[in-house]
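The values are calculated or read from the model by the stated rules, or taken from the named source; none is laboratory data. If you're wondering where the values come from, they're calculated on a predicted model, not measured in any experiment. Counting neighbours? That spans all protein chains shown, and the Cβs are built from the backbone with ideal geometry, glycine included.
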Amino acid sequence: MTSADPVLLLGEQRLRAGARARRRVVSPVIWLAFAVMAGVLLMALFGALLAPQSPSAQHLAIVDAPPSGAHWLGTDALGRDVLSRVIAGARTAFFGPLVIAAASFVLGNLLGLLAGYRGGLADAVIMRWVDFMWSLPSLVILVVVAGTVGSSYWLAVAVLIVLTVPFDTRVIRGATLEQVPRPYVEAAKTLGVPRWKIMLFHIWPNVSPVAVANTCLVFAGSLVTLAGLEFLGLGLPPGIPDWGLMLSQNEALLFTNPLATIAPGAMIVLTAIAMNLIGDWLYELLTSRGAGR
Amino acid sequence: MIPESLPAATHDPSAAPVLQTEGLRIDRVRPDRRDTIVTAIDLTLDPGETIGIVGESGSGKSMTARAIMGLLPRGLVAGGTVRYQDRNLLDLTEREWQAMRGSEIGLILQDPFTMLNPLMACGKIISESLLREPRLSRDARRAEVVRRLAEVGIRDASVAGRYPFQLSGGMRQRVGIAAALARDPRVLIADEPTTALDVTTQRDVLALIKSIQAARGMSLILITHDLRVAFAVCDRVYVLYAGSLIEMGSSAELDAEPLHPYSLGLLLSEPSAERRTGGLVAIPGSVPAPDEVAGSCTFAPRCNWAAPACTQDSPRLAEVAPGRLSACVRLPEIRAEMAALRRRGEQDDRPVAAAQPAETPLIKVQDARKVFRNGRRTVTALDGVSIEVGEHESVGIVGESGSGKTTLARILVGLERATGGQISVGGIPATNWASLSERDRRRLRSTIQIVFQDPYSSLNPMRSIGSILREAIAIGAPDMPDRGAEVGNLLRSVGLPADYARRKPVALSGGERQRVAIARVLAARPRVLVCDEPVSALDMSVQAQILNLLISLRAERGLGYLFITHDLSIVRQLTERLYVMHSGRVVESGPTEDVLSSPRDPYTAALLRSVPRPEPEWLAASK
């Protein structure tokens, strides 16, 4: 055939250029976002051990206290330590959205791939269901379900999963439709690769940047939605430490101990932003793995 | 507007050049580094002259044109000078440029499908481009638009009221030309004006550009990847390679005796449409990025004559004969050798294997029909096509876009389903793949496989070459004991080192990717390979490598081929029998040599005439 040397030489140079692109610097903002998420994860796993005091111990002598050496973020109306409650509250703020994101990731990707790749009847049925779900007012559904079955945190999580899956399905279907006419898919078809393998091992890796970034968005979105539900009293019973619940319970303390509302609110915002930033970063990372130059 | 014969070129070489670039360089500036796009481009363009800038993808030819027009994309900066009427165009502000573009220098782009605003009627596009002063009345303006359309050969005035999507590609390109000429520029830059067009339309559009240029005494810069087109249209040709000019000469002289190994290689690697030659001479390797070959002759890594002297400094163009510039430092030593090689390539004819009519055809298509339905609109892609391909036979299907040739290929490999007709492949009825048993489908796949046109998208970008090939082996040869070893064998059989298995497609050049795509279908051990435009997405200097690979694979493995292409030269070099398709029908068929040397159907004759030739009659005889 051809003399291999120049071919090899040029290929080698291209490979090195690729390695250079992969080793690009991670910006400090992303490091910060990861630090925030790592902190929230630690608090969610070991909240009770990390908290300086018991989050539910009441000190009725020092209610509504502003920050002090003993209570860094002050106390709430029942004299509970706000800092300890913020730390313990990470549990419901983290695991609920995690379950929602994971469940809608699996279901949304499967349904989206199926609708986009198979087309025809499967597509029609799945997408009409998606349209139907989109037409439902989600907050009203939650209120109605909580009102009839009785409010519970995991029920809210389950309802949010049902409401999020159609959203994911639509996004993944769109990304799949973009891949289906590509020659690499047709090449796999003509080789005789089974359809489920084409979907999972050929198309999905190319959809994965969108899928992963979207899941980060879902996590951040459901964190905020769950906090909103807790704020409205549609979820956890009052005693449990939770950021959304703290926002509503401590609203009355705004003038005596403003940190009792600001701290949980700030945690919600920080965590949501950090997750969105990580989602963007993962998207870039995954895209550059394949098609990037 | 196209005259029967072209007036002689009106340019006067003694006049001062109308446009001149000196040391033009373009860099892409990134926060962490600078990438060179072109280095030190010196061009001169005389009044009324046509020059060509010829180069492959990545040579920097389009960016050179954009720099001259002040239209470089964000992040690219130009240095040096572009002199036009005693002004350095690179110093102009955006406001000054507006007075310059269109009125002094016009531009035609490659893609007539995206160049025109889809929401504007053609008349509006042209009238918008007309000079604002003097103010014309609405009627006068409309009359002017009709006159401009007539100039580009559109005599149907109703075209002014139509939208771009209602026109064919050739018509769109004509409207684009009319818009580019609306302010009567003195210099016209045409960037690959016919690459997106069909071959028969290409000649009409080139002839049109040439005749308008002659009529107006305009200067023309033609940017193209096709040396043949450049020779047919241009007075002088500049050859650009990896961001550097490597040769300049008049079309006739450059064609007769290229004075740089790269130009010679390009001419040698080009398959001839005229006759069957003895193998193609391929240039090894692929086009590097300018920075990879900085400080040395850009072509040295691929040059057969490379010596230590070639890599010590980056050579500039130097006068080697009157009117001839070359950047080859070894030219005096190797000139005779190069000329001998060129002569040998021209004499070396290959005897044509007699086309034997197949007794039991491997592929038999009878009266195939395919109708696409889109809402209420129906498009007939195949209108009763019958073809046969025998075992070990190489057959060509030639046609332009819309002829149905690709639809036929897709039906053969089961990607589309024929609306009617009978198809059998290797004795298995393959009209409807969905109704076959899995066993029959597997047998079909080990009989017929397809190589796609675009190697950049036919490999999954997220998977390594090794995993792509291992999967093909697992399906095509499930009882293969050592798949890892077979991956290496497959890679070696297509001329790639076995360690390429670890790489991702993104680390491979276009030619290397097409080799991998061929290795992948070989894993299924097919008896016949459908090649759908297998080299048209590749650089010129790489095309011959892939064609040679296909030729040698045929000899080694006894493969049969069905070549689907618009390119008559590929068919001439690689096939024994030929079908010519037009509008969903086979208009002519027979042994390749017979059909191409004495075509019976007028369409075949038109296709043959559309192959670029340097003689002036080629353009003059259009229409």
Check off (1) in contact with a strand residue (DSSP E or B) (Cβ under 7 Å, 6 or more places away or on another chain); (2) within 26 Å of B:R525 (Cβ to Cβ); (3) modelled with pLDDT under 95 for B:I397 and give me the number that stays unchecked.
-> (3)
Taking the residues in region B:178-196 that are in contact with an Asp or Glu (Cβ under 9 Å, 6 or more places away or on another chain) and crowded, with 21+ Cβ neighbours inside 10 Å as candidates, determine which candidate is farthest from B:Q110 (Cα to Cα).
-> B:A182
Sort out which residues of region A:151-191 are small (G, A, S), over 16 Å from B:L459 (Cβ atoms) and at pLDDT 90 or above, and write them in order of number.
-> A:A158, A:G174, A:A175
Some residue of region B:232-248 being without any contact (Cβ under 8 Å) to a residue 40 or more places away in the chain and either under 28 Å from B:G511 (Cα atoms) or of a type outside the set (A, V, I, L, M) (or both) = no
Residues in region B:285-304 that are buried (at least 22 other Cβ atoms within 10 Å of the Cβ), within 12 Å of chain A (Cβ to nearest Cβ) and part of a loop (DSSP other than H, G, I, E, B) total 6
Could you tell me which numbered condition B:S493 fails, if it satisfies all but one of (1) crowded, with 20+ Cβ neighbours inside 10 Å; (2) among the polar types (S, T, N, Q); (3) within 11 Å of chain A (Cβ to nearest Cβ)?
-> (1)
So A:L191 clears everything in (1) touching a strand residue (DSSP E or B) at 6+ places or on another chain (Cβ under 9 Å); (2) more than 14 Å from chain B (Cβ to nearest Cβ) except one condition, right? Which one?
-> (2)
Look at region B:551-563 and say how many of its residues are away from chain A (no Cβ under 12 Å) and on the phi < 0 side of the Ramachandran plot.
-> 8
What are the residues in region B:496-515 that are crowded, with 23+ Cβ neighbours inside 10 Å and within 11 Å of chain A (Cβ to nearest Cβ), if any?
-> B:L496, B:Y500, B:P505, B:L508, B:G511, B:E512, B:R515
Under the condition of being farther than 12 Å from A:G192 by Cβ and charged (D, E, K, R), which residue from region B:463-483 is nearest to the other protein chains (Cβ to nearest Cβ)?
-> B:R463
In region B:446-462, the residues that are within 7 Å of chain A (Cβ to nearest Cβ) and in a loop (DSSP other than H, G, I, E, B) = B:F452, B:D454, B:S457, B:S458, B:L459, B:N460, B:P461, B:M462
Number of positions in region B:133-173 that are charged (D, E, K, R), assigned to a loop (DSSP other than H, G, I, E, B) and either touching a residue at least 12 places away in the same chain (Cβ under 8 Å) or farther than 24 Å from B:A215 by Cα (or both) = 2
Verdict on B:V530 being β-branched (V, I, T), out of contact with any Leu (no Cβ under 8 Å at 6 or more places or on another chain), in contact (Cβ under 8 Å) with a residue 40 or more places away in the chain and not in a loop (DSSP other than H, G, I, E, B) | no
Please give the number of the condition A:W154 fails out of (1) more than 30 Å from A:V36 (Cα to Cα); (2) surrounded by fewer than 21 Cβ atoms within 10 Å (Cβ to Cβ).
-> (1)
Counting only residues that are in contact with a strand residue (DSSP E or B) (Cβ under 9 Å, 6 or more places away or on another chain), at pLDDT below 90 and of a type in the set (A, V, I, L, M), how many does region B:213-228 have?
-> 1
Does A:L226 satisfy being among the aliphatic types (A, V, I, L, M), touching a helix residue (DSSP H, G or I) at 6+ places or on another chain (Cβ under 9 Å) and closer than 29 Å to A:V106 by Cβ?
-> yes
With the condition kept exactly as written, say whether any residue in region A:2-21 is within 14 Å of chain B (Cβ to nearest Cβ), at pLDDT below 85 and not in a helix (DSSP H, G or I).
-> yes
Within region B:71-86, of all residues that are without any contact (Cβ under 8 Å) to a residue 60 or more places away in the chain and of a type in the set (A, V, I, L, M, F, W, C), the one nearest to B:R30 (Cα to Cα) is B:L76
Does A:F201 satisfy the criteria of being of a type in the set (F, W, Y) and over 30 Å from B:V528 (Cβ atoms)?
-> no
Of all residues in region B:423-445 being under 18 Å from B:L522 (Cα atoms) and part of a helix (DSSP H, G or I), the one that is nearest to the other protein chains (Cβ to nearest Cβ) | B:R445
Would you mind stating whether B:D184 is on the phi > 0 side of the Ramachandran plot and either part of a helix (DSSP H, G or I) or in the same structural domain as B:A207 (by TED's automatic domain parsing) (or both)?
-> yes
Could you look through region B:366-390, keep only residues that are charged (D, E, K, R) and modelled with pLDDT of 90 or more, and pick out the one that is surrounded by the most Cβ atoms within 10 Å (Cβ to Cβ)?
-> B:K370
Hey, does region B:516-531 have a residue that's more than 28 Å from B:E388 (Cβ to Cβ) and at pLDDT below 90?
-> no
Members of region A:85-110 found to be within 18 Å of A:G239 (Cα to Cα), more than 15 Å from the chain's Cα centre (by Cα) and not small (G, A, S), listed by number = A:R85, A:V86, A:I87
Among B:V413, B:V487, the single one that is within 14 Å of chain A (Cβ to nearest Cβ) and either within 26 Å of B:L362 (Cβ to Cβ) or at pLDDT 90 or above (or both) is B:V413
Evaluation of A:A211 against (1) among the small types (G, A, S); (2) within 14 Å of chain B (Cβ to nearest Cβ); (3) touching a residue at least 60 places away in the same chain (Cβ under 8 Å); (4) under 30 Å from B:I448 (Cβ atoms) (one fails), failing number | (4)
